[in-house]
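Down below is the structure, laid out as structure tokens.
The values are calculated or read from the model by the stated rules, or taken from the named source; none is laboratory data. Predicted model only: the values in this text are computed from it and were never measured. In this analysis, Cβ positions are derived from the backbone assuming ideal geometry, glycine residues included, and neighbour counts consider all displayed protein chains. With ligands, DNA and RNA removed, areas are computed over all heavy atoms of the protein, side chains included. Shrake-Rupley method; radii C 1.70, N 1.55, O 1.52, S 1.80 Å.
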Amino acid sequence: MTTMFKTKRTYLVPALSLAMMVALSACGGNNANNAAGNTSPTNAAATDSSAAAGSGEKVKLTMFIWAGSNQDVVPKEVVAEYVKNHPNVEVTFEESSNSVMYPKMLAGKQADPNNPVVNFGYFNADASAKGINDDMWEPLDTAVVTNMKDIPEQFHTADNKGIVWGVSSFALVYNKDLVKTPPTSWNDLWSSEEFKGKTALWDYMFYSYLSPLLAVKGEELGASYENPEPAFQYWADNSDQIGTLVTSNDQLKGLLDSGDALIAPFSAQVAQTWIDGGSPLAVAYPQEGAISFPYSLQVVKGSTPEQQKVANEIINELLSADALSRYADATGTPVTSTTAVVPDKYKADPSFSAEEQSKGINPDWDTLAKNSSAWKELWDRMVKTEL
């Protein structure tokens, strides 16, 4: 597969590694990576009465997890087992999306760098790249996170500031009961008459509709990551395609289920959980390739040494073959560990296909992160004023 991030600030996702995952029986969400959702704190304090008490003040941490689509199941199970065996630890969950949580994290860092909003958790490619730019991450302790050995080197980050545990695909999700001609190309998103006024886009999730536009029509438009204005102008000229801008998974699901929206670029893995739950949806992998979307586990800078130690130990448990296999089963996310098992129900899923993954479109996450504010200004000024 082509590069997902560039060297140092980049993850590499070659087809070989995914083929190896499948061959060795080795599998997601918002804005991805779960995309968006409502923040909902949950507590997982230790309650094992048989454990020794009186070990001093509790080490309290906040873990960020993605909301919805079974993304919370395995993290909560792993943390519950950990705190059962470590009665001096208390973990509170923040359930939301990267698009909602990361700005809060950055504001918190600017207000007090020694009091992070969350201490560790799950972050998608967009948030991970922004975090590298903003000096948000602590290096993982490789002496503690020993399960990293089962994850190929191309999924390790520079200075171990996180570890890529999964790679999902953004494709075209549509209402199969109402769409007469299933989409086959990214071009359908911005030019198909059938989807005029019925396309749902994630507000500010530029990698899901600007990156494919740059990949498919960038040369024709004279647009690039360094010169994005022609791409924004193209969306402005075709703004009649856009029916709704969404900010949460539940909002998007409701629109697609009802037919108020007919199509959206979105996580194939999250969409599959909706389909499994009875939604009248289908996923189309564009002929130009889906968007490759890595997910990482990371520790947030400003956490105390005690918090970092606990976060590293929990991350190590989350990277175990069993935990990753269960996460894959619950969410349909392809994971990177060579020891994890692909669930039977996903062995025919294109997301796990080395051939399909090899065609992936890999956004320039570093440029997206550095130019986030500028791109938002262009989107607001050029496109949203046309809606």
Lone qualifier among T385, T336 - being more than 19 Å from E77 (Cα to Cα) and open to solvent by 20 Å² or more (accessible area, probe 1.4 Å): T385
One residue is enough: does the range 166-182 have a residue meeting the conditions open to solvent by less than 10 Å² (accessible area, probe 1.4 Å), modelled with pLDDT of 95 or more and part of a helix (DSSP H, G or I)? no
Can you work out which of the residues in the range 122-134 that are within 14 Å of S97 (Cα to Cα) and in contact with a Leu (Cβ under 7 Å, 6 or more places away or on another chain) is least open to solvent (accessible area, probe 1.4 Å)? Y122
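To keep it simple, each residue is scored yes or no on (1) assigned to a helix (DSSP H, G or I); (2) modelled with pLDDT of 90 or more; (3) among the aliphatic types (A, V, I, L, M).
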| residue | (1), (2), (3) |
| --- | --- |
| R326 | yes, yes, no |
| T339 | no, yes, no |
| E356 | yes, no, no |
| P363 | no, yes, no |
| E377 | yes, yes, no |
| D380 | yes, yes, no |
| V383 | yes, yes, yes |
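Looking only at the range 134-153, which residues are assigned to a loop (DSSP other than H, G, I, E, B) and either in contact with a strand residue (DSSP E or B) (Cβ under 6 Å, 6 or more places away or on another chain) or of a type in the set (A, V, I, L, M) (or both)?
Taking the range 134-153 as the starting set, the residues that turn out to be assigned to a loop (DSSP other than H, G, I, E, B) are 134-136, 139-145, 151-152.
Passing the criteria: M136, L140, A143, V144, V145, I151.
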Here the residues within the range 81-93 that are crowded, with 21+ Cβ neighbours inside 10 Å and either in a strand (DSSP E or B) or of a type in the set (D, E, K, R) (or both) are V89, V91, F93
Checklist (1) outside any loop (DSSP other than H, G, I, E, B); (2) out of contact with any Pro (no Cβ under 9 Å at 6 or more places or on another chain); (3) more than 16 Å from V383 (Cβ to Cβ) applied to D240, failing item: (3)
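Condition first: open to solvent by 40 Å² or more (accessible area, probe 1.4 Å) and small (G, A, S). Can you find one or more residues in the range 373-382 that meet it?
Yes, some residue in the range 373-382 is open to solvent by 40 Å² or more (accessible area, probe 1.4 Å) and small (G, A, S).
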Identify, please: which residue in the range 99-118 is open to solvent by less than 10 Å² (accessible area, probe 1.4 Å) and out of contact with any Lys or Arg (no Cβ under 9 Å at 6 or more places or on another chain) and is, among those, modelled with the lowest pLDDT? M101
From L252, L297, grab the single residue that is in a strand (DSSP E or B), at pLDDT 95 or above and within 19 Å of the chain's Cα centre (by Cα). L297
I'm told S192 meets every condition in (1) among the small types (G, A, S); (2) open to solvent by 10 Å² or more (accessible area, probe 1.4 Å); (3) over 20 Å from V179 (Cα atoms) except one. Can you identify the failing condition by its number? (3)
All positions within the range 135-146 that are surrounded by fewer than 16 Cβ atoms within 10 Å (Cβ to Cβ) and within 24 Å of A369 (Cβ to Cβ): D135
Considering only the range 258-282, how many residues are more than 20 Å from P363 (Cα to Cα), outside any loop (DSSP other than H, G, I, E, B) and among the aliphatic types (A, V, I, L, M)? 5
